[in-house]
1. Mind checking Rg over Rh on the range 425-506, alpha carbons, Kirkwood formula for Rh?
2. For the range 413-465, what is the convex hull volume of its Cα atoms per residue in Å³?
3. Once you keep just the Cα pairs under 8 angstrom separated by 6 or more residues, what percentage relative contact order results for the range 256-303?
4. Given the pairs 62/268; 324/464; 62/324, which are separated by over 32 angstrom at their Cα positions?
5. Filter the chain for me: DSSP H helices, axial length by Cα at least 24 angstrom, mean Kyte-Doolittle hydropathy not below -0.5. List them by residue number.
6. Once the piece of chain linking residue 195 and residue 404 is laid out straight, how much longer is it, given 0.36 nm per residue of separation minus the C-alpha distance between them?
7. Expected output is a single nm value to one decimal: the length gained when fully extending between residue 324 and residue 217, i.e. 0.36 nm times separation in residues minus the C-alpha distance. What is it?
8. So what's the net charge close to residue 85: Lys and Arg +1, Asp and Glu -1, counting the other residues with Cβ under 13 Å from its Cβ?
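The values are calculated or read from the model by the stated rules, or taken from the named source; none is laboratory data. Keep in mind it's a predicted model, so treat the numbers as computed, not measured. Don't worry about glycine lacking a Cβ; one is built from the backbone with ideal geometry, like all the others, and counts go over all protein chains shown. These accessible areas exclude ligands, DNA and RNA; they are computed on the full protein's heavy atoms, side chains included. Shrake-Rupley method; radii C 1.70, N 1.55, O 1.52, S 1.80 Å.
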Amino acid sequence: MTATNLQITTGIIRQTTTPPLGSKTRAAWAVLLSLFLIACSDDYPEDDGGRAPAGADVNAPKSRLLEHPETGERLAERQVLVRGNASEPASLDPQLVQDSVGGAIVVDLFEGLTRSGPRGDTEPAMATSWASSNNNLTWTFQLREDGRWSDGSRVTAQDFVYGWRRAVDPEVGSNYAYYIESAGVANAGEIIAGEKTPDTLGVRAVDDFTFEVTLNEPITYLPDMTVHYTMFPAPRQAIEAHGEDWTRPGKMVSNGAYTLNAWHIGEKLVAARNPRYWGDDSTIIDRVVYLPIESSSAELQRYASGELHMTSTVPVSQMARLKKERPKELVMVPSMATYMYAFNVNRPPFDDVRVRRALTYAIDRNIIVSYITRGNQMPAFTLTPPYVSGFDFRQPEYATWSQTRRDEEAREALEEAGYNEDNPLEFELLYNTDESHKALAIVVSQMWKEKLGAKVTISNLEWKTFLSEKQAGNYGIARFGWKGDYNEASTFLTLLTSDSGNNDGGWSNETYDQLLLDARSSDDPNPYYVRAEEILWQAFPVVPVYFNTTVALVSPSLKGYPEKNPRNIVYSKDMYITAD
């Protein structure tokens with residue numbers, strides 16, 4: 001029998017003949033038909049030819065420049081950038097942010113020791129230089145002396161000491177506390193465990209502009225890690241004056257290129273150019289408007305009607321259409337990110353590794369990336385992407401099998417676990433509200449139903465609620481995605497250590513933990529990373545689906561978008577808007 005593929009283009013089913021896909025052709029048909037039903041409702045209007053962006057009503061001065069100082073391009077009179085930002089941020093506190101939604105805003109409001117360059121390289125930011133000593137056990141960062149908080153006070157080394165101590169303080173409750181420990185900072189683990197006080201953390205202000213970090217193990221990539229917002233400085237004066245409300249407009253003190261101007265929940269968040277920022281003279285964008293649009297289809301519609309300059313993502317059901325109609329606006333950049341599903345291993349039936357193995361094997365990743373996501377994603381069988389710097393990437397044996405064999409092995413594993421037609425596997429798949437996540441959930445649940453006879457209920461939650469439920473372990477299997485915080489394999493592998501604040505599924509393995517601990521002090525950590533990945537291949541605490549790409553729509557008038565940065569960090573201060 002010859003299989004057929006469905007190509008979804010502008011609401012038309014186009015049928016093409018291809019070589020057989022294997023014995024489970026019906027699953028592919030079911031999957032693609034499901035997506036087609038979603039695609040039919042994702043139509044969007046044509047560009048109306050210049051409607052002002054939604055942020056145009058924001059009070060912004062005329063641009064200080066008529067032309068770009070380097071390129072000579074004529075600049076728009078009002079430099080108001082309107083960005084789609086997926087959803088409402090759960091927090092704007094650098095030490096409490098735990099997702100890309102808040103992170104996209106925080107990197108505009110605050111600045112750490114280093115930043116990510118346009119190609120993902122690490123560049124100086126608040127630190128002008130750094131050096132290691134004592135066999136990489138001590139790192140010293142020299143701070144710029146023109147750094148200022150938005151209230152006019154100087155940014156000093158003590159502000160970094162305060163910020164890093166907050167990150168590990170159990171009373172603050174940072175979900176990223178483990179990040180400081182994974183950087184090897186002395187006493188971080190003991191502080192997180194409540195065995196030592198935050199003031200014992202291995203950081204100190206040598207003087208106002210010299211910040212010193214002492215490590216338990218030699219870490220060569222510490223400067224790369226300081227790009228992350230958890231390691232940003234914190235304004236003690238604002239936090240002590242306002243408590244939890246310090247991140248509200250009028251109370252926030254920040255040191256980045258922008259300050260928090262307004263925050264209308266459910267509508268928009270506005271940031272204004274910070275005149276006290278050390279690099280203000282080279283900042284062109286005057287206002288940034290972040291729109292919390294959870295629906296990727298709604299975001300696409302608002303982009304197409306000229307209401308925003310860039311989207312946070314693109315609906316998977318519109319990829320084929322956009323490639324054809326807006327190829328110059330569609331950005332697809334390989335990203336250090338993995339799309340996956342996480343198991344709660346403390347909840348039946350996912351406490352049985354055979355069930356986890358069966359569900360992992362049964363996902364046809366080639367169908368997903370070829371016909372569903374269509375954004376140049378790569379099928380994933382490992383947690384760590386292949387393009388992480390210096391990583392000795394290897395694949396598990398089952399990645400080399402045909403999908404037919406994986407399906408057969410999946411059925412055998414499930415039968416061994418006691419599930420069959422008389423006792424079908426039943427569970428709920430949880431995801432956060434988004435058309436693309438919904439499409440993938442439908443696709444994957446159809447595969448599990450068709451191949452394994454599983455009865456899967458898919459449920460969605462608004463982003464903040466989803467995060468809360470996931471952190472509380474109130475799920476069986478849930479959507480999970482991870483973007484590397486720095487360009488080294490440990491940024492992925494430490495996710496699943498027993499003490500990781502992001503290991504909501506409760507999986508724990510002493511050997512795995514020790515491997516990641518030993519890797520930190522090794523001159524060659526790769527053998528430890530390889531062995532750690534091998535443990536994951538046997539335990540299946542998560543289901544890698546694909547290695548992600550940054551997929552977004554960017555207006556032709558918006559210049560400076562980092563299209564070659566695998567870290568996918570987009571700083572508004574690096575961009576500018578040209579005149580029509």
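1. Using only Cα positions, Rg/Rh for the range 425-506 is 1.01.
2. Spread over its residues, the Cα hull of the range 413-465 gives 76 Å³ apiece.
3. Reported as a whole number, the value is 32 percent.
4. Over 32 Å apart, Cα to Cα: 324/464; 62/324.
5. The qualifying helices are 435-452.
6. 70.1 nm
7. 33.4 nm
8. -4
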